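The values are calculated or read from the model by the stated rules, or taken from the named source; none is laboratory data. As the structure is a prediction and not an experimental result, all values here were calculated from the model. Quick reminder, even Gly has a Cβ in these numbers, built from the backbone with ideal geometry, and neighbours come from all protein chains shown.
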Ligand code: SF4
């Protein structure tokens, strides 16, 4: 089973790499025009540039070069930054990973926590909160959070990435909240619905009637059984976080992979765009494979199937 | 004789319904006695059994008294409820497939209450779980402990449920249609296990069922319930030989006999009284062949003694003469 999963993963990545590469190849606009920016080179110079960047080779050859290069850890050169793609992305990855990590913690702790709270309390407060939260786009959240907690109250820095772990984390709080409000709301909703469904099940009545304490029943029979949908949805959302960093990092002026993607698209820096898109897809595939592998531990019934 | 379960004048009502779910229900189960509570679905028999564990429908107003092993559970605090649930009474439910947590192993399911409530060590709890699985006739207890519910048949799972109920070492076993979800052979096996446990452990049993013949054949006494009220209460022999309430007679007439020639079946006409319908007078009046307009819909019959039975029918006395004249039914 493991072998099949890993094989499927590799195949997915291969197909994606082809789609990513060819879609940018077919995209309108010519990177050479950007590379020569404003100057008017002679046809000879143009041909030299084309040759240097390999634009003169046929498509299959270019794809093959790119693919084999990647397998050796060579993602090509950034047109814009005159450095290797690996180093450009590598230098920004830690800050983005920190943002994604903090967001994951927020989603799991607050999303699941609020969902449990909402399922066990009669009131409608959580439902209202979730409905509002799910409707706030992250750029709106970014603007509001910056003006309230950054500018007015001055609790958090509003721009930049910070230096040193503590300072970086401090800088991350508002972006992470802006990034996760919608996701937290979704996880809360799924957790609450799943908990409510399990609370009404007969096996819960059975253990209750046997005299197990309410907290034991909730923990070991309701929450435990409600985990399936929560893990699936959290996995999907968390693997999507990397994409959403583009908006939030730009809004908070952070130097991460997300903002790099935005500027690279602007400048038609294809090698960087390709690498980032592939990174996003790889994350997606890996996270979902992990969810698939964890699922039988949560629900033994799928093991048989 | 010690009274294990003593329900007196229990009324459970909910706003927005036409009639109470339970209306002045009184019922007793003594030590070591097997008692059946019989009725169609919606009659309130399952609700009655659940009240013995302090499980009342959400939002209901409850009056009357339910004393279980000497403890009052109506309006009881968590401590009293816990005492009743953990050491006096436990329940076997209708659908074992829905009753066992599907994501936990049978072993976890059985040892959880032993460890968390009875305070046994892991080894003690496992040993006791093995013993209980043996006691309910499971063929390979060590293997079953490691199995998940979906790996067992319905009949096997019902045995697991019985073993689970026995982890409390209860004196009263509430059995809510324990064989309805099972096939006929398995039904007989489960009833045999319950009978054996009753003898071996001196358990009191309250059997909830819609099958009056089954009830009368395995229990000492039978209560017949309709629309949240007790219609007739009698020793099993008296109930089947001289059924006094028209509803009881209808129930006996509507089930095919297990042996002998097939008589003409006379199912009770009409449908059971819904919760939305208001009652005036006798709740059975709409379906009763002996109804007397002006009498039965004006006066509410209460349980009165006739011979060995208690009957809630305004015409009980005259109807008995009538049936005896016809030679029963
Ligand atoms: S009281 Fe009247 S309606 Fe009710 S069972 Fe007796 S005869 Fe029938």
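Quick one: which residue in A:293, A:297 is within 14 Å of chain B (Cβ to nearest Cβ), under 30 Å from residue A:219 (Cβ atoms) and either out of contact with any helix residue (DSSP H, G or I) (no Cβ under 6 Å at 6 or more places or on another chain) or surrounded by 19 or more Cβ atoms within 10 Å (Cβ to Cβ) (or both)?
Details: A:293 fails: within 14 Å of chain B (Cβ to nearest Cβ).
The conditions single out A:297.
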Set A:241, A:236: member being surrounded by fewer than 22 Cβ atoms within 10 Å (Cβ to Cβ) and in a helix (DSSP H, G or I): A:236
What is the residue count in the stretch B:9-59 for residues that are part of a loop (DSSP other than H, G, I, E, B), touching a residue at least 40 places away in the same chain (Cβ under 8 Å), surrounded by fewer than 24 Cβ atoms within 10 Å (Cβ to Cβ) and within 14 Å of another protein chain (Cβ to nearest Cβ)? 3
Just checking, which of A:188, A:96, A:104 is closer than 24 Å to residue A:251 by Cα and surrounded by 22 or more Cβ atoms within 10 Å (Cβ to Cβ)? A:96
Close pairs (7 angstrom Cβ cut-off, 6 or more residues apart or separate chains): free of Cβ contacts under 8 Å to residues at least 12 places away in the same chain in the stretch B:301-318, more than 8 Å from the ligand (Cβ to nearest atom) and part of a strand (DSSP E or B) anywhere: B:317/B:306
What residue, of B:166, B:114, B:152, B:173, is within 14 Å of chain A (Cβ to nearest Cβ) and within 15 Å of the chain's Cα centre (by Cα)? B:173
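Just the residues that are in contact (Cβ under 8 Å) with a residue 24 or more places away in the chain and either closer than 15 Å to residue A:92 by Cβ or not in a helix (DSSP H, G or I) (or both), please, taken from the stretch A:244-258. Spell out the reasoning first.
Going through the stretch A:244-258, the residues in contact (Cβ under 8 Å) with a residue 24 or more places away in the chain turn out to be A:244-245, A:247-249, A:251-258.
Listed by number, the residues that qualify are A:245, A:248, A:249, A:252, A:253, A:254, A:255, A:256, A:257, A:258.
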Per-region count, the stretch B:277-294, residues more than 8 Å from the ligand (Cβ to nearest atom) and either outside any loop (DSSP other than H, G, I, E, B) or on the phi < 0 side of the Ramachandran plot (or both): 7
Restricting to the stretch B:170-188, give me the number of residues that are in contact with a helix residue (DSSP H, G or I) (Cβ under 8 Å, 6 or more places away or on another chain) and at pLDDT 90 or above. 7
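Collect the residues in the stretch B:295-307 that are within 17 Å of residue B:20 (Cβ to Cβ) and either surrounded by fewer than 16 Cβ atoms within 10 Å (Cβ to Cβ) or more than 7 Å from the ligand (Cβ to nearest atom) (or both), keeping them in residue-number order.
Within the stretch B:295-307, the subset within 17 Å of residue B:20 (Cβ to Cβ) is B:300-303.
Passing the criteria: B:300, B:302, B:303.
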Enumeration of residues in the stretch B:79-111 that are within 7 Å of another protein chain (Cβ to nearest Cβ), touching a residue at least 40 places away in the same chain (Cβ under 8 Å) and part of a helix (DSSP H, G or I): B:85, B:86, B:99
Answer yes or no: is there a residue in the stretch B:172-191 that is under 22 Å from residue B:120 (Cα atoms), assigned by TED's automatic domain parsing to the domain that holds residue B:35 and out of contact with any strand residue (DSSP E or B) (no Cβ under 8 Å at 6 or more places or on another chain). no
Inspect the stretch B:74-81 for any residue being under 25 Å from residue B:16 (Cβ atoms) and in the same structural domain as residue B:235 (by TED's automatic domain parsing) and give the result as yes or no. yes
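Among the candidates A:196, A:145, A:174, which residue alone is surrounded by 14 or more Cβ atoms within 10 Å (Cβ to Cβ), touching a helix residue (DSSP H, G or I) at 6+ places or on another chain (Cβ under 7 Å) and within 14 Å of another protein chain (Cβ to nearest Cβ)? Spell out how you get there, then give the answer.
Working: A:145 fails: within 14 Å of another protein chain (Cβ to nearest Cβ); A:174 fails: within 14 Å of another protein chain (Cβ to nearest Cβ).
Selected residue: A:196, the only one of A:196, A:145, A:174 that is surrounded by 14 or more Cβ atoms within 10 Å (Cβ to Cβ), touching a helix residue (DSSP H, G or I) at 6+ places or on another chain (Cβ under 7 Å) and within 14 Å of another protein chain (Cβ to nearest Cβ).
Here are some residues: A:206, A:190, A:217. Which one is away from chain B (no Cβ under 13 Å), at pLDDT 90 or above and touching a helix residue (DSSP H, G or I) at 6+ places or on another chain (Cβ under 6 Å)?
Values: A:206 fails: away from chain B (no Cβ under 13 Å); A:217 fails: away from chain B (no Cβ under 13 Å).
Result of the check over A:206, A:190, A:217: A:190.
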